[in-house]
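What follows is a single structure, written as structure tokens, with notes after it.
Derivation of every value follows stated rules applied to the coordinates shown; laboratory data play no part. Model, not experiment: these values are computed from the prediction. For neighbour counting, all protein chains shown are included, and Cβ atoms are generated from backbone atoms with ideal geometry for every residue, glycine included.
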Amino acid sequence: MPKVKPHRTSPSLDMTPMVDLAFLLVTFFMLTTQFRPDEAVVVDPPSSTSDLQAPDSDILTLTIDNKKRVFFGYDKAPVKEAALKAVGAKYGVSFTPTQIKQFSLLPNFGVPITQLASYLDKDTEDRKALNKTLPGIPYDSLNNQMIDWVIEARKANAAQFKKPTFLVIRGDGNADVQTVQKVIKELQEKDINRFNLLTSLEMKPSFVGQ
Amino acid sequence: MAEIQQKGDSGKGGKKRAKKASTKIDMTPMVDLAFLLLTFFMLTTTFAKPNVMQLTMPVKEKNPNPEEQTKIKASQAVTVILAPDDKVFYYFGLNEPTDPSVPVPEIKVTDFSANGIRKVLLDRKRQQPEPIILIEPYVYDGKEAKYKNMVDMLDEMNITDQKKYALVDISKKDVDLIKKQNLL
């Protein structure tokens, strides 16, 4: 009887389907991912059961942190550039093309207009350090730069893209109500009555009702 | 790991045979890279687009005319005061300290839990189908409610399906009433 040779199975296995799947997923994630821009301030929005989604574009964000500071942000660079020029002209501050370019790259900022030029000259790391101490955009009735930014940005968006602006208030959960109410009131003065409070989704309680 | 190339038996038997190159290539580095990228994108991606809660405030009247303003009926009125430290004060009816015919309301204390203000509002709705809810965030003397409380309260309005509610500033008489009842 001849010796039975054990059948050696090759240790290799066909990985093609797995690789196919891996690349499919890589492609999917690469195309869908959107890198979070480096915000000037980190806020933790409160949760709500509202499942309304914010639109994709034309979003003006007023960020309110827990130190009563207000930050302004807009998602379109040309609108921001136009708003910068308009607000700068109003307060007699002019900006160099480099500064304007830098400004259009910022996701949001909280600097009074007089300090904005020097803020824009700094590099990213220095700005990050500065963001902790900056006073935010002034929003009291004597020196209300916040409202100027909002109005100019809305105007620029309407002129350039012919679209309405979606105003989002992104408040920190621990921010004080007074600051938020004041911001809302200042905007109401300018006939802006529709606000969207950014919240994180929480499950709706199921037992509500009778 | 992946594909071990089978080679080295082409010269067997001395007969020169055309060397057949294997059609398999070593895919390991590529797969490594693919999974590295996959992991990176999976971890960095954020799917959830932020949710928003709509808040529409009334148009500010330039010349408010007190005679045209509608008075809230005492039977409908519910005042909810967002107090500091996540507490909620509420009372039914009106608070008119100057008018002796209006009884002084008693402020009750509750919280944001499911058995707190939500139960109060739902119970009230059964007795009075059309309540008008005034939400007043407490801001006085350095003590104040948090923005989170305001959003929670507006959320309760959606959960309990209230038709009429308004976000207003706290009135002086309500602050006085809270003080008189030693709640803060």
Averaged across A:193-203, how many Cβ atoms of other chains sit within 10 Å of each residue's Cβ atom? 5
Would you mind classifying region A:115-206 by shape? Square roots of the alpha carbon gyration tensor eigenvalues, ordered a ≥ b ≥ c; an a/c under 1.5 is rounded, otherwise it is prolate if a/b is larger than b/c and oblate if not. oblate
To the nearest 20 debye, the protein assembly as shown has a Cα-centred charge dipole, built from +1 on Lys and Arg Cβ and -1 on Asp and Glu Cβ, of 2200 debye
Please compute, for peptide B:142-154, the average count of beta-carbon atoms on other protein chains lying within 10 Å of each residue's beta-carbon. 6
Taking chain A as the reference, fit the longest principal axis to its C-alpha atoms, fit the long axis of helix A:16-32 to the helix C-alpha atoms, and give the angle between the two in degrees, 0 to 90, nearest 10. 0 degrees
Tilt, helix A:77-90 to longest principal axis of chain A (alpha-carbon atoms), in degrees rounded to tens, equals 20 degrees
Set the Förster radius R0 to 30 Å, insert the Cβ-Cβ distance between A:K155 and A:Q53 as r into 1/(1 + (r/R0)^6), and round the FRET efficiency to 0.05. 0.70
Sticking with the crude label model, points 7 Å out along Cα→Cβ, report the distance from A:L21 to A:K162 in nm, one decimal please. 4.9 nm
Using unit Cβ charges (K, R positive; D, E negative) and no other charged atoms, how large, in debye to the nearest 20, is the dipole of chain A about its Cα centre? 360 debye
The helix A:145-161 Cα axis meets the longest alpha-carbon principal axis of chain A at an angle in degrees, between 0 and 90 and rounded to 10, of 60 degrees
Before anything else, pin down the relative contact order of chain A: Cα pairs under 8 Å, at least 6 apart, normalised by residue count, whole percent. 30 percent
Computed for region B:55-169: size of charge dipole around the Cα centre, +1 on C-beta of each Lys and Arg, -1 on C-beta of each Asp and Glu, debye to nearest 20, value 340 debye
Evaluate peptide B:35-43: per residue, the Cβ atoms of other protein chains within 10 Å of its Cβ; return the mean as an integer. 5
Out of A:T61, A:T96, A:A77 - ranked by how far each Cα lies towards the positive end of the dipole of region A:57-210, with unit charges on the beta-carbon of charged residues - the top one is A:A77
